[in-house]
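Inspection log for the structure reproduced underneath, given as structure tokens.
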Amino acid sequence: MKSIRRLPVICGYGGINSAGRSAFDLAYKRLVFNLLSQEEKNEVILDLSNLTDGLTNEENILANTLVRKIDKDKYDPDGLMTGKMNVNAAGQFPTGFDPGSFYKSRQHPVGLETTLFGVSDTLSFAGINWDEDIKPIVDPSRVGVFAGPAIGQLDSFGLGGLMQSRLKGKRASSKHLSMSLLEMSADFINAYILGSVGVTGANAGACATFLYNLDLLINGIKEDRLDIGIAGSAEAPINPEVTDGFVATTGIADDKKILAMQQRNGDDSEIDHTRACRPFGDNAGLILGEAAQFVLVASLEKAFELGLEIYALAPGIKINADGIKKSISSPGIGNYITMASAVNETKQFSNDLKRSFVIAHGTGTFQNRSTESHVLSSVANGMGLNEWEITGLKGSLGHTMGPAAGDELMTAIGFWKHGFIPGINTTKKLAEDVYKDNLNFILEDTEKDKESIDAIYLNAKGFGGNNASAGIISPKIAVDLAKQEFSKAEHLQYEQNKEKVRESSINYQDSCKKGDYGVIYRFNEEVLEGLEDIEISEEGIRLKGFKAPIKFN
């Protein structure tokens with residue numbers, strides 16, 4: 001094992017998907033709602049009520065979350081998706097959620113609006129004020145931000161508007177092209193939230209994009225180039241253009257396919273859009289979903305110095321391509337390599353690989369159910385795993401494209417705090433062509449001793465041979481490693497610093513309960529100019545407003 005001090009740990013997380021807000025495990029709790037205490041249920045309902053502009057009836061609030069019938073007025077006023085394409089199910093944000101209403105949005109695409117919402121949620125939940133807690137301590141060149149979608153900003157304020165403008169007899173604005181760029185998510189975080197001058201970028205890897213971005217940050221920390229940073233992805237793909245692309249691939253579930261699936265399974269004759277996506281079952285295809293998921297990651301050493309809570313250890317992301325392919329959309333060999341490599345890496349943190357489970361990619365397509373189950377079965381057989389537990393989220397959330405593995409990571413962290421595994425609830429029976437050898441698919445929400453799991457494996461793969469898998473390690477193991485590495489004095493100081501962070505996090509949630517989410521948008525604030533605000537010497541660089549210098553050596 002490399003230096004324990006350089007191990008990357010997750011110290012904050014936030015965002016939103018069709019289940020609700022990620023911070024404080026609220027979206028996770030919505031997934032396992034029926035297993036919660038009444039107090040926890042009330043907490044979820046209150047937050048959803050605040051997000052959805054005042055819906056108050058519990059039954060109505062819950063019905064306006066997760067996969068459901070598409071809100072035609074919001075997503076498809078021209079009826080292209082819901083009418084011509086006959087696609088009527090999606091994992092939409094909670095009905096009424098308007099991310100641009102939480103700050104002075106200036107015609108921003110939804111993906112960028114939710115980036116600001118998600119990163120603000122992450123930092124506030126982590127209990128830190130970037131200017132007060134990070135900038136005075138961290139070398140500004142050792143901060144990393146890696147974020148972006150898989151497809152791009154395709155609504156009317158991004159690439160969609162740019163491509164449609166002349167066809168509709170309108171002029172493209174100066175914002176259309178720039179707002180559609182993949183890396184604009186990272187740019188917004190740097191320019192309007194952190195004011196960062198550190199390392200930045202976006203690594204698009206189709207439906208594995210979240211893990212591709214997290215990989216950049218993790219490697220920077222392990223290689224001692226970065227100390228702390230933000231990684232994630234935001235995607236808003238529920239629009240006619242993206243839907244039409246998936247219709248062309250025959251991989252998306254339309255009403256005709258859903259009805260045929262229900263008839264094959266003896267379900268009700270009326271279409272049930274809430275169960276339209278059935279991973280690993282006799283299914284009809286994938287369902288699009290929208291989400292924004294972000295994490296704050298630091299080296300274990302920096303987390304101790306700053307007093308940050310440790311929610312999980314992320315030792316590495318395994319990424320491999322497929323080699324020669326039959327077609328760009330067909331599966332290949334890469335995912336076998338990534339999953340086996342991820343399992344092997346966790347051996348250094350756990351002596352028993354059986355103390356683990358998998359959150360599968362599980363798209364709900366005919367092809368995925370057989371190919372991914374074969375990957376998982378092959379890894380289980382090769383690694384000596386018996387009855388390896390497998391779950392998936394897309395039946396409830398839809399396929400959120402770039403942030404998909406972020407949905408998985410938030411669920412993994414939620415498990416270690418609460419002990420519930422969300423089941424593949426929309427699938428009542430596995431399909432005949434699903435490989436089951438040494439696998440145990442969890443089809444219902446399940447309570448499990450959270451101390452019995454050392455590692456949770458995240459799996460993501462996408463078009464073009466983009467495969468990524470990660471073994472996320474429990475916070476208990478991370479803390480035990482820290483106890484071995486740091487002195488009693490360092491531990492004492494850490495606990496003292498953590499009190500301030502916890503208090504700030506609690507205060508944030510108190511504000512959220514009143515509907516104030518404190519979305520950060522620092523447009524045109526404290527702008528640095530080269531003429532007056534930078535001082536360069538042989539030793540390094542000093543910037544106005546940054547107490548810590550950039551050191552050349």
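Descriptive notes on the structure:
- The string of couplings for region 280-292 from the Karplus curve (6.51, -1.76, 1.60, θ = phi - 60°) is 6, x, 5, 10, 10, x, 7, 10, 6, x, 10, 6, 9 Hz, one whole number per residue in order, with x for Gly and Pro.
- Accessible surface calculations at 1.4 Å, restricted to protein heavy atoms, place region 243-365 at 37 Å² per residue.
- Solvent-accessible surface of region 1-147, taken per residue with a 1.4 Å probe and all protein chains present: 35 Å².
- Protein accessible area in region 58-164, 1.4 Å probe - carbon and sulfur %: 50 percent
- Carbon plus sulfur fraction of accessible area for region 218-297, probe 1.4 Å, in percent: 47 percent
- Members of Lys483/Lys551; Lys72/Lys257; Lys222/Lys483 lying beyond 28 Å, as alpha-carbon distances in this model show: Lys483/Lys551
- DSSP finds beta bridges in the chain, and of those with both partners inside it, around 65 percent are antiparallel.
- Cut-off 10 Å between beta-carbons: net charge of the residues surrounding Asp227, Lys and Arg +1, Asp and Glu -1: 0
- Among 308-315, 375-382, sorting by the average number of other beta carbon atoms lying within 10 angstrom of each residue, highest first, gives 308-315, 375-382.
- Taking label positions 7 Å along the Cα-Cβ direction at both Asn440 and Ile333, the computed distance is 3.3 nm, reported to one decimal.
- When the solvent-accessible area of region 469-521 is split by element, carbon and sulfur atoms take up 51 percent of it, the probe being 1.4 Å.
- Cross-link pairs beyond the 31 Å C-alpha cut-off, checked among Lys429/Lys476; Lys476/Lys513; Lys436/Lys461; Lys41/Lys135; Lys175/Lys514; Lys476/Lys547: Lys429/Lys476; Lys41/Lys135; Lys175/Lys514; Lys476/Lys547
- Per DSSP, loop GluC sites (Glu not before Pro) in region 469-553 with at most 16 further Cβ within 10 Å: Glu525, Glu526, Glu529, Glu532, Glu538, Glu539
- Set of lysines near Lys256 by C-alpha distance (under 16 Å), chain-local residues within fewer than 8 positions excluded: Lys69, Lys84
- Projected label distance in nm at Ser101 and Lys488, using a 7 Å step from Cα toward the beta-carbon: 5.5 nm
The values are calculated or read from the model by the stated rules, or taken from the named source; none is laboratory data. These numbers come from a predicted model, not from an experiment. All Cβ positions, glycine included, derive from the backbone under ideal geometry; neighbour counts span all protein chains shown. Side chains included, ligands, DNA and RNA excluded: accessible areas come from the protein's heavy atoms. Shrake-Rupley method; radii C 1.70, N 1.55, O 1.52, S 1.80 Å.
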